[in-house]
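Working notes, beginning with the structure itself.
The values are calculated or read from the model by the stated rules, or taken from the named source; none is laboratory data. Keep in mind that what you see is a predicted model, and the values were worked out from it rather than measured. Because the Cβ atoms are built from the backbone with ideal geometry, glycine has one as well, and the counts that use them run over all protein chains shown.
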Amino acid sequence: MITSKHPIILGNAPSSGSTLLANVLGRSKSIYQRGELSAFDKPDWIDAPEEKVDKEFRIWLDKGYRRRIACENRACFTNYDQYGLSKSEISDLVRSGMSYVDIVRAFLDQARERDRKERWLEKTPANAFALTRLARAIPDAFFIGITRDARFVISSLIRRGFSPEIAVARWYLSNLALLSARDKINIELVRYEDFTRNPAETLENLFAFLNEHFDASILSQTGQVSGTTKLETWSHGVNDAISPSPEWDRSKALPPRVIDAFKRMRPSEPFLRSIDLESAPEPIELQKLLGYSTSGLEEEVSVAIPKIGLLVPAYFRYSASLARHRLSARSIPFSFVS
């Protein structure tokens, strides 16, 4: 097996357009891409010694990963069947004595070789929380982050069933991680609005960053690459023609709890350390730093925010007890100021 050179890793907040972007990139003759793997979004496993991987990997492959902080996905190697490999083949890679990162790379390289592609792209939103560690572990990798106006992201997540506070957190924390990575690693940040309004120009610049030839015909292709084509809450599917992102409707009021959380949410110190960020802009300032309007986010509201402990189960969207999560309110990566 030949190790892929210059792999591509994409991270972002959910509902930011990464599925569409990854599918379009996967139409390239040289880039292999399938569904979200949830393998690189495990920061503390990236540096884990081989003996720990060998001892615990197969356990949490079946039963779930022990989260260290509330930004990590409990599932691991999700959608592995889309890659044409089995769990037993993953276990064989573990027994080879490789590091965790090399196991994931070997898995992706096996799938890539079967498809006769030159390099792979792995797109899991929570990769955003491990970007700086991944850059040290895979120094030849190229990283992509996609950003989107918080108002659209939060509205989309609420339609998907997230509470207002958790929707704000998913946008805020993910984009803080991208902000931290921007000055530290080889990353290209793409605005969803630029991508959908000027797809040819945006992709030409992105392919230049990736040292790839840009063939504009990929914009007219509709072949499915990853397993997700359209969620019920999406207005367009990934195989539809790219539709320009609309401007925010100023007459559309955001829920008061969104506005209040957007004003009062702050990241926890453990979270900031985990993404190598010394200090963080407030959500309003981050929205501005990313080039978006704050219209509708600065209204005066008065609401009661749920107790932080009650937000822990909501953050993970699991029905199990906190004991099963092995998490507590101290693990949640944000708080609210008075």
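What helices (runs of 4 or more DSSP H) completely inside segment 237-324 contain at least 1 residues that are buried (at least 18 other Cβ atoms within 10 Å of the Cβ) and either touching an Asp or Glu at 6+ places or on another chain (Cβ under 7 Å) or modelled with pLDDT under 90 (or both)? Before you say what the answer is, go through the steps one by one.
On the way: elements: 256-264, 269-274, 283-289, 308-316.
In segment 237-324, 256-264, 269-274, 308-316 are the helices (runs of 4 or more DSSP H) which contain 1 or more residues that are buried (at least 18 other Cβ atoms within 10 Å of the Cβ) and either touching an Asp or Glu at 6+ places or on another chain (Cβ under 7 Å) or modelled with pLDDT under 90 (or both).
Looking at segment 79-98, can you tell me whether even one residue there is touching a strand residue (DSSP E or B) at 6+ places or on another chain (Cβ under 9 Å) and acidic (Asp, Glu)?
No: zero hits.
Conditions: (1) assigned to a loop (DSSP other than H, G, I, E, B); (2) modelled with pLDDT under 80. Trp60 meets all but one. Number of the miss?
(1)
For segment 83-103, name all the residues that are closer than 15 Å to Glu56 by Cβ and buried (at least 18 other Cβ atoms within 10 Å of the Cβ).
Filtering segment 83-103 for residues closer than 15 Å to Glu56 by Cβ gives 90-91, 93-95, 97-100, 103.
Residues satisfying the conditions are Ile90, Leu93, Val94, Tyr100, Ile103.
Filter segment 187-203 down to the residues that are farther than 12 Å from Leu290 by Cβ and in contact with a strand residue (DSSP E or B) (Cβ under 6 Å, 6 or more places away or on another chain), then identify the one that is surrounded by the most Cβ atoms within 10 Å (Cβ to Cβ). Break it down stepwise before answering.
Filtering segment 187-203 down to residues farther than 12 Å from Leu290 by Cβ leaves 187-188, 195-203.
Keeping just the survivors that are in contact with a strand residue (DSSP E or B) (Cβ under 6 Å, 6 or more places away or on another chain) gives 187-188.
On the way: Ile187: 21, Glu188: 17.
Restricting to residues being farther than 12 Å from Leu290 by Cβ and in contact with a strand residue (DSSP E or B) (Cβ under 6 Å, 6 or more places away or on another chain), the top hit is Ile187.
Would you tally the residues in segment 1-13 being modelled with pLDDT under 95 and touching a helix residue (DSSP H, G or I) at 6+ places or on another chain (Cβ under 8 Å)?
4
Starting from segment 285-302, keep only residues that are over 17 Å from Tyr192 (Cα atoms), then list their pairs with residues that are in a loop (DSSP other than H, G, I, E, B) and of a type outside the set (S, T, N, Q) whose Cβ atoms are within a distance under 6 Å, requiring at least 6 positions of separation or different chains.
Qualifying pairs under 6 Å: Ser295/Arg250; Gly296/Leu254.
Residues Arg68, Arg114, Arg74: which one is over 15 Å from the mean Cα position of the chain (by Cα), farther than 21 Å from Ile138 by Cα and at pLDDT below 85?
The unique qualifying residue is Arg68.
Under 27 Å from Phe336 (Cα atoms), modelled with pLDDT of 95 or more and of a type in the set (Phe, Trp, Tyr): is that true of Tyr192 in this structure? Working first, answer last.
On the way: under 27 Å from Phe336 (Cα atoms): no; modelled with pLDDT of 95 or more: yes; of a type in the set (Phe, Trp, Tyr): yes.
Here the answer is no, as Tyr192 does not meet what is asked.
Have a look at Leu206, Leu176 and point out the one that is crowded, with 19+ Cβ neighbours inside 10 Å, more than 17 Å from Lys123 (Cβ to Cβ), touching a strand residue (DSSP E or B) at 6+ places or on another chain (Cβ under 7 Å) and in contact (Cβ under 8 Å) with a residue 60 or more places away in the chain. Outline the logic, then answer.
Details: Leu206 fails: more than 17 Å from Lys123 (Cβ to Cβ).
Going through Leu206, Leu176 in turn, just one is crowded, with 19+ Cβ neighbours inside 10 Å, more than 17 Å from Lys123 (Cβ to Cβ), touching a strand residue (DSSP E or B) at 6+ places or on another chain (Cβ under 7 Å) and in contact (Cβ under 8 Å) with a residue 60 or more places away in the chain: Leu176.
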